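The values are calculated or read from the model by the stated rules, or taken from the named source; none is laboratory data. Treat the numbers as computed from the prediction; the structure is a model and nothing was measured. Virtual Cβ from ideal backbone geometry, glycine too; neighbours counted across all protein chains shown.
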Amino acid sequence: METLWFMIVAVMVAAYVVLDGFDLGAGVIYLSAARTAVERQKIMRAIGPVWDGNEVWLLAAGGTLYFAFPLLYASSFSGFYLPLMMVLWLLMLRGIGIELRAHMENPVWRGFFDVVFCFSSILLCIFFGAALGNVVRGVPLGADGYFFEPLWTNFKVGVDTGILDWYTILTGVIALVTLTAHGALYIAVKTDEDLNQRSHQIAQTVWPIQLGLTVAGLIATVHVRPGVLDNYKHHAIGFSIPVVVFGSLAVMMHAMLKRADKIAFVASSVYIVGMLVGAAFALYPVVLPATTNPAYNLTIYNTAAGHHGLAVGFAWWIPGTILALAYFVFVFRMFRGKVRLEGEGY
């Protein structure tokens, strides 16, 4: 049951990054791709019906983590208290930027909330990437399973680490570039004319940077945590993950050259899932490594809830997930195709 719930949490996190990732990416390119008020309205209409629903997967992943691995939830949420509060404020600012910009026709009002929306999206991408970097790198866990990290120390990787160092900044930049391309491809799928062309061009421009950062990120990860390859050495199937990652990047570029934006967007989604699955596969069964002493590592076994609770929870998780998936299929089918500016609201 512990392994099953580890996989469930990983799937829900991946679903969040893929789904909310494209509207975060849309926010990143918002001020550069959209040159006119009409084009900005098109981007808002492209993400408007789904952006808040996509965030359900973040809440669901957090709730599942609390239920299945309560000690991990308690340790990570206490140790990462400051960055989590920053993420919470950025999520609120992003929602405010989306919702309040349409309340007045004043260009200063709309311009202000457009900037709020764009910059909160950029910072969220970086913080989410840095969060994953902290999990892979490890944190200074004590014997009691708790830790504290300042926002930064000396930006070096070691025992005296901060939330931000050269490695977590690198993972933050990788997340920013990846979601920029992901969001640009989604906007290219959902729009036409000049906005489609600019979004497509942004994705194409970002692709070589994404490829280079992917290679740099893999090298840096092996340097920071040499043991990250142990599971790959013991289970040869793991080497299919980098094949999927780099294969999806190749398909992504090929599709962009052929102007097959939908295929490129799907390939971008596969790339994101491949990167997250690769991280989860490398860490398993550890869920939060300790930089102080490997004996202090938090694993799926010493942080999990009781077996009976996990079994009963799984029985309830199945119908809940089916309902959520049915809702998402309905919404995305309802709003499929290119966005139009006729009508009210989004």
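Things worth noting here:
- In segment 259-302, the residues that are under 25 Å from residue 161 (Cβ atoms) and either among the polar types (S, T, N, Q) or in contact with a Gly (Cβ under 7 Å, 6 or more places away or on another chain) (or both): 281, 289, 290, 291, 292, 293, 296, 297, 298, 299, 302
- Within segment 224-255, considering residues that are polar (S, T, N, Q) and touching a helix residue (DSSP H, G or I) at 6+ places or on another chain (Cβ under 7 Å), the one nearest to residue 214 (Cα to Cα): 248
- Sole residue being in a helix (DSSP H, G or I) and more than 25 Å from residue 16 (Cα to Cα), chosen from 245, 222: 222
- Enumeration of residues in segment 25-55 that are in contact (Cβ under 8 Å) with a residue 40 or more places away in the chain and part of a loop (DSSP other than H, G, I, E, B): 29, 34, 35, 48, 49, 50
- Residue 51 satisfies every condition listed in (1) under 24 Å from residue 184 (Cα atoms); (2) of a type in the set (A, V, I, L, M, F, W, C); (3) surrounded by fewer than 17 Cβ atoms within 10 Å (Cβ to Cβ) except (3).
- Among the conditions (1) surrounded by fewer than 21 Cβ atoms within 10 Å (Cβ to Cβ); (2) part of a helix (DSSP H, G or I); (3) touching a residue at least 40 places away in the same chain (Cβ under 8 Å), the only one that residue 259 does not satisfy is (2).
Condition check ((1) buried (at least 24 other Cβ atoms within 10 Å of the Cβ); (2) in a helix (DSSP H, G or I)) across all residues:
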{"residue": "119", "(1), (2)": "no, yes"}
{"residue": "127", "(1), (2)": "no, yes"}
{"residue": "149", "(1), (2)": "no, no"}
{"residue": "159", "(1), (2)": "no, no"}
{"residue": "170", "(1), (2)": "no, yes"}
{"residue": "185", "(1), (2)": "yes, yes"}
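- From the list 68, 102, 131, the one residue that fits, being surrounded by 15 or more Cβ atoms within 10 Å (Cβ to Cβ), touching a residue at least 24 places away in the same chain (Cβ under 8 Å), small (Gly, Ala, Ser) and under 30 Å from residue 155 (Cβ atoms), is 131.
- Among the residues making up segment 105-117, a single one is among the hydrophobic types (A, V, I, L, M, F, W, C), surrounded by fewer than 20 Cβ atoms within 10 Å (Cβ to Cβ) and in contact (Cβ under 8 Å) with a residue 24 or more places away in the chain: 115.
- The listed residue being more than 13 Å from residue 291 (Cβ to Cβ) and of a type in the set (Val, Ile, Thr), out of 136, 116, 157: 116
- The set of residues in segment 298-334 that are among the hydrophobic types (A, V, I, L, M, F, W, C) and either surrounded by 16 or more Cβ atoms within 10 Å (Cβ to Cβ) or not in a helix (DSSP H, G or I) (or both) comprises 298, 300, 304, 305, 310, 317, 324, 328.
- Residue selected from segment 79-97 under the condition assigned to a helix (DSSP H, G or I) and of a type in the set (Phe, Trp, Tyr), by the criterion modelled with the lowest pLDDT: 81
- Filter result (in a helix (DSSP H, G or I) and closer than 18 Å to residue 311 by Cβ) within segment 56-78: 63, 64, 65, 66, 67, 68, 70
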